[in-house]
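Have a look at the structure below before the remarks.
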Number of protein chains: 2
Amino acid sequence: MRRNQNQKDQKDSKDLNDQKSLKEPGDRKEKKEKQPSAEKVRIIPLGGLDKIGMNITAIEYNNTIVVVDCGMSFPDDDMPGIDKIIPDVSYLVENKEKVKGFVITHGHEDHIGALPYILPQVNVPVYATKLTMGLIEHKLKEAGLLKKTKRKIVKQGSTVNLGEIRVEFIKTNHSIAGASSLAIYTPAGIVFHTGDFKVDYTPLFGDSIDLQRMAILGKKGVLAVLSDSTNALRPGFTPSETKVAKTFDTLFAEHTKSRIIVATFASNVDRVQQIINTAQKYGRKVIVQGRSMVNIIDIATKIGCMKIPDGTLINVDEMKRYPDEQLVFITTGSQGEAMAALSRMADSTHKKVIIKPGDAIILSSTPIPGNEKAVSHVINELVKKGAKVIYQDTHVSGHACQQELQLIYTLLKPKYAIPVHGEYRHRLAAAGVVTDLGIPKENTFLIQAGDVLELSESSARIAGKVTAREVFVDGLGVGDVGNIVLRDRQNLAENGIILVTLTLEKGTGHLLAGPEIITRGFVYIRESADLMEELHQVALKALENCEKRRIREWSRIKSEIKDSMDSYLWKKIQRSPVILPVIMEV
Amino acid sequence: MRRNQNQKDQKDSKDLNDQKSLKEPGDRKEKKEKQPSAEKVRIIPLGGLDKIGMNITAIEYNNTIVVVDCGMSFPDDDMPGIDKIIPDVSYLVENKEKVKGFVITHGHEDHIGALPYILPQVNVPVYATKLTMGLIEHKLKEAGLLKKTKRKIVKQGSTVNLGEIRVEFIKTNHSIAGASSLAIYTPAGIVFHTGDFKVDYTPLFGDSIDLQRMAILGKKGVLAVLSDSTNALRPGFTPSETKVAKTFDTLFAEHTKSRIIVATFASNVDRVQQIINTAQKYGRKVIVQGRSMVNIIDIATKIGCMKIPDGTLINVDEMKRYPDEQLVFITTGSQGEAMAALSRMADSTHKKVIIKPGDAIILSSTPIPGNEKAVSHVINELVKKGAKVIYQDTHVSGHACQQELQLIYTLLKPKYAIPVHGEYRHRLAAAGVVTDLGIPKENTFLIQAGDVLELSESSARIAGKVTAREVFVDGLGVGDVGNIVLRDRQNLAENGIILVTLTLEKGTGHLLAGPEIITRGFVYIRESADLMEELHQVALKALENCEKRRIREWSRIKSEIKDSMDSYLWKKIQRSPVILPVIMEV
């Protein structure tokens, strides 16, 4: 089954060769570059350097800006209610006329997820390989932006011209098909962006990473490399996807009597294809569960990036027509996400699939940091129902370890190294790898989002700083929730809220109604009637004090009430709920 | 340096031998037990079986109940504002006259942390080894319970009589000194509780686990074993504490020019002693940072469980008198806890210690599931400041792996196995280990909190169910916050709150003031003035509708306002804040 897309790929690249890709883009410039050029290229990351996510980097030469990727990131625990985080692209908006396009390395959310939010601000063409574009188009359609956005599918091995910059898409390996490294040709030299990558000598589908092209570029002379640092703390080499294929084969051979349920990342199209192929080999029908899984399989099949033989997929309602040993479920929820299909199966809230003793459940993923507890919960619930849960050797990373970084840097031999895509400690580890290879420390840059790194053959410096920050998306609101609102939300979450409402007489300031005390998220009212009455008395007393001291300004009355209730509650039960006095006047 | 407490330990146990401990407690009963006894013992866990934490198990025979441990657990992410979780001990309260005492295996929070909350409900004596009692007494003093609580320090190897039950404390190894297994002698047979344990053949301090005693008990006949399942998913043997000692020695020898900062669990008294000994060997002064670290060192030193040579500890203000290479900091914060000393150093908010390039920082711990992101944050901030952060081979677990469980069960050869102390999947894995040893599946119990497991030589069954649930502690409030309050808090956290206040005229129901709209944690008001005005109009319109339809009941008016704002907001920005209409009448 391996390399079943190979023929197609070869055909693709043949077409391409007939076109123009081997005309060696950038040749004209390279002659100039033989002697140190004083031309400068500016590398400006707008995200992606403090945590994994929200990748977006502007490459600027003279009057041209090309933007590599446009990703989102997911909120941390201390950002309640936030759905997504997107980059602030003020710099691109301010330089709109320079921006020639987005070049996208691959179709993961942290590389494409912000496009529907950013394209309305900076409406320029998007360039990507076929599957990547399929996923982008799905997003744009949902956002009603499909017709407004110029798009161009680029084949790996070919280039696109964007103002004074040319970009070559180069085949790489990652946990999604169509992943590309980018060689960005500028008059100041070649900037090579690895994108997310690993070196898989034995990929299940398609070709291995194009190491030859990298070697040729390296020989020619590369100015700078921006490299994926995700696994830079890990020595050695990331295992091949073939390893997972072998595990699947063994597991399917072992569990001939069981229903098999496999949970994995929907975005890992090759993995999903692999499960389908294994199912077919063992004569099982496949049922797909989870909205994102259904979507991606749909998109990938339509554009020919996934091949599913007719009759393999069945609807969940058809499952009773087949015995357990002829069924495989492919499902979302490998990260323990509360609403995903596997979690609903585990919690017995899935409408169609009821877990039973003997089910074999394969988690084909590792928990992303922060998700460990949620994944544990799902596993516990599944094993309580008698299922067997398997999660050893069922996943390999899509990112390069130290030895792969050594290989890439040795082939590309750049003057400057810029580890990206990682927390600081990951990028620091990558810098260590690069230093060991002989790239001087002063030529290795651990930059921050917003830094303007200006490079030429003869000089390198941080030449300035542009706006770079996180913009929160909550529902349909973009940027209307910020840190102050989040701090309020956290306060509300920690201790709840107490409202004190009262109506005063216009002119006299006499109390006409209230103070009424209403709480949410504070305590069980029924069991705390005494406390409620005490709070009422505290508010009344604060009002009386105001009257005695002839305090009439509402703001002072409010803060008297707030302060006295606050200190009463702290003394009594050591809690600080949000206290909100509301005064009406009639 | 190893085993420097050995002499003392031997002396202790000699004293004991002179007393009574080798009189073989339970001998009298055992003759009866030679032929299958129909006498029944009831094992009733009140916590500790769904997650790691809140360990408490009642052992009941006839009119005697002995309670093993009384621990708390920490809240999950979905319990905002909750400080601790303690068990519901209604069953003990209802059977107060039967309860003869708490026997405590060791001094960790998940085994002693609930005592200050439970002792006022069930005031019975507490039995524990010296260090464990020191830590308990510190808690009781803070809670004003020290004088009200009967306490007895028990030496390992000796027994205490509690009604019809006798309990023998047996030396074991764990990540805190004084950890004990308990042999609980009842007329129905011996129930053996391992407590938290590992098998350390080469402990740094004190003796190895008392395997001989376990073998003798096993030979005599053990009815049931309750065993620590924390590491039951891991094959092999947990490494000895000696391994960490070697790492420390190497690290101190390597970093002769640096300031060294070691973060570890305050409760790991042996580890702290080890760091102090290594510091002394390398001629470094020790500075202790973090309240819990200072407390535990203070307690352990006072009662002689920790030995610190005079002049070794210095105050943080004295540090300027010593060069960096003569200093070691021992600090809290190895789990990335936001307020702990190491986190404050990392975030530059520590008042005295400023991290600088060259500092060597050793994390002597592994992140507890759920803390990974916080630990990553601390590491990133430290390396950004130029410090070297070391976390490989700097920690070993305090819990037994599969091979250690095999050893213990082979020595004890019980009739029944009851894996405890772990999530379901851990306990299931332990059950698998036990099955492989030949204990029949029907004699292995994966029970739940509240189950009444009734055992005799001839029968075993779940004989009933008692109350067992989590009680939340928030500030000084115990049990006044429950699931409904938590759900409110989560709603508030996700979307914030909108208050709509209005004043109506008594009798007529005419609107006198309002509707006024106030929000917290919703959106930035200044940037959302239009939305606020729209919401005001929506509320007004709802009121008008009520008037038209002659709706006068406040509850219906409120729900009209709430519903119309709710659907307006969902359509407009897809958010569902808590909406709280408040009506006043004058």
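The values are calculated or read from the model by the stated rules, or taken from the named source; none is laboratory data. All figures in this text were calculated on a predicted structure; none of them were measured in a lab. In this analysis, Cβ positions are derived from the backbone assuming ideal geometry, glycine residues included, and neighbour counts consider all displayed protein chains. Keep in mind that these areas ignore ligands, DNA and RNA; they rest on the heavy atoms of the full protein, side chains included. Shrake-Rupley method; radii C 1.70, N 1.55, O 1.52, S 1.80 Å.
Across identical copies of the chain, A:TYR322 has label-point separations of 6.9 nm, listed in ascending order, with the point defined 7 angstrom from Cα along Cα→Cβ. The apolar share of the surface of region A:219-324, taken as the fraction of accessible area on carbon and sulfur atoms (1.4 Å probe, ligands and nucleic acids excluded), comes to 54 percent. For A:LYS98, give me every one of the aspartates and glutamates with a C-alpha distance below 13 angstrom, ignoring sequence neighbours fewer than eight places off in its own chain. Here the aspartates and glutamates satisfying the reach criterion relative to A:LYS98 are A:GLU60, A:GLU164. In percent, rounded to a whole number, the relative contact order of region A:358-398 is 62, using alpha-carbon pairs under 8 Å and six or more apart.
Over the residues of chain B, the helix contribution to mean residue ellipticity at 222 nm works out to -10000 deg cm²/dmol, using -39500 (n - 2.57) for each DSSP H run of at least 4. Of the chymotrypsin sites (Phe, Trp or Tyr not before Pro) in region B:139-203, the ones in a loop by DSSP (not H, G, I, E or B) with at most 11 other beta carbons within 10 Å are B:TYR201. Relative to the dominant Cα principal axis of chain A, helix A:372-384 is inclined by about 90°.
Using a probe of 1.4 angstrom and keeping all protein chains present, the accessible surface of the protein assembly as shown works out to 42 square angstrom per residue. Label-point spacing for B:GLY144 across the identical copies (point 7 Å from Cα in the Cβ direction), in nm and ascending order: 6.4.
A label point on B:ASP76, set 7 Å along the Cα-to-Cβ line, lies at 2.3 nm from each of its counterparts in the other copies, closest listed first.
Interface of A with B. Using a 1.4 Å probe and counting protein heavy atoms only, the two chains hide about 5500 Å² of accessible surface, both sides summed.
For region A:394-437, accessible area lost to neighbouring protein chains reaches 10 Å² or more, against the chain alone with a 1.4 Å probe, at A:GLU423, A:TYR424, A:ARG425, A:LEU428.
About the centre of its Cα atoms, the protein assembly as shown shows a dipole size close to 1580 debye [charges on the beta carbon of Lys, Arg (+1) and Asp, Glu (-1) only; nearest 20 debye].
Kindly flag which residue pairs out of A:LYS139/A:LYS171; A:LYS572/B:LYS84; A:LYS152/A:LYS307; B:LYS198/B:LYS373; B:LYS84/B:LYS148 have an alpha-carbon separation exceeding 26 Å in this structure. Pairs exceeding the cut-off: B:LYS198/B:LYS373.
Computed over region A:244-394, the P(r) tail beyond 26 angstrom holds 16 percent of alpha carbon pairs. Solvent-accessible surface, computed for protein heavy atoms with a probe of 1.4 Å, shrinks by 20 Å² or more for the following residues of region B:559-586 when the other protein chains are added to the isolated chain: B:ILE573, B:GLN574, B:ARG575, B:LEU580, B:VAL582, B:MET584, B:VAL586.
About the centre of its Cα atoms, chain A shows a dipole size close to 1440 debye [charges on the beta carbon of Lys, Arg (+1) and Asp, Glu (-1) only; nearest 20 debye].
The spacing between region B:477-550 and region A:93-172, judged by their C-alpha centroids, is 43 Å.
Computed on protein heavy atoms with a 1.4 Å probe, the accessible areas place A:PHE74, A:PHE248 in the order A:PHE74, A:PHE248, largest first.
Over chain B, Cα pairs under 8 Å with separation of 6+ residues give a relative contact order of 16 percent. Diagonalising the gyration tensor over the Cα atoms of the protein assembly as shown and scaling each eigenvalue by 5 before taking the square root yields semi-axes of 52, 43, 33 Å, largest first. Measuring how big region A:482-585 is from its alpha-carbon positions, Rg and Dmax come out at 14.1, 41 Å. The angle separating the long axis of helix A:130-142 from the principal Cα axis of greatest extent in chain A is about 30 degrees. Surface composition of region B:428-567: carbon plus sulfur atoms hold 47% of the accessible area, using a 1.4 angstrom probe and ignoring ligands, DNA and RNA. Taking the Cα centre of region A:416-539 as origin and assigning +1 to Lys and Arg Cβ atoms and -1 to Asp and Glu Cβ atoms, the resulting dipole is close to 380 debye.
Could I get the Rg over Rh figure for chain B? Both from C-alpha atoms, Rh via Kirkwood, rounded to two places. Taking Rg over the Kirkwood Rh, I get 1.07. Listed by chain and number, the aspartates and glutamates whose alpha-carbon sits under 18 Å from that of A:LYS571, ignoring those within fewer than 8 places in the same chain, are A:GLU494, A:ASP530, A:GLU533, A:GLU534, A:GLU560, A:ASP563, B:ASP83, B:GLU142, B:ASP474, B:ASP480. Going from the isolated chain to the complete set of protein chains, region A:496-532 loses at least 50 Å² of heavy-atom accessible area (1.4 Å probe) at A:ARG520, A:GLY521, A:TYR524. For the residue pairs A:LYS548/B:LYS506; A:LYS51/A:LYS465; B:LYS219/B:LYS441; A:LYS384/B:LYS40; A:LYS441/B:LYS257, the C-alpha atoms sit more than 25 angstrom apart in A:LYS548/B:LYS506; A:LYS384/B:LYS40.
For the Cα atoms of chain B, what angle does the longest principal axis make with the long axis of helix B:6-19, in degrees from 0 to 90, nearest 10? Tilt of helix B:6-19: around 70 degrees. Within region A:103-224, DSSP assigns beta bridges of which about 75% are antiparallel (rounded to the nearest 5).
Here the contact order of region A:241-390, divided by its residue count and restricted to Cα pairs under 8 Å and six or more residues apart, works out to 29 percent.
Shown are A:CYS70, A:CYS305, whose ranking by accessible area with a 1.4 Å probe and every protein chain present, most to least, is A:CYS305, A:CYS70. Taking a Cβ cut-off of under 11 Å around B:ARG520, the surrounding Lys, Arg, Asp and Glu residues balance to a net charge of +2, with basic ones at +1 and acidic ones at -1.
Taking the DSSP bridge list for the protein assembly as shown and keeping only pairs wholly inside it, about 50 percent are antiparallel.
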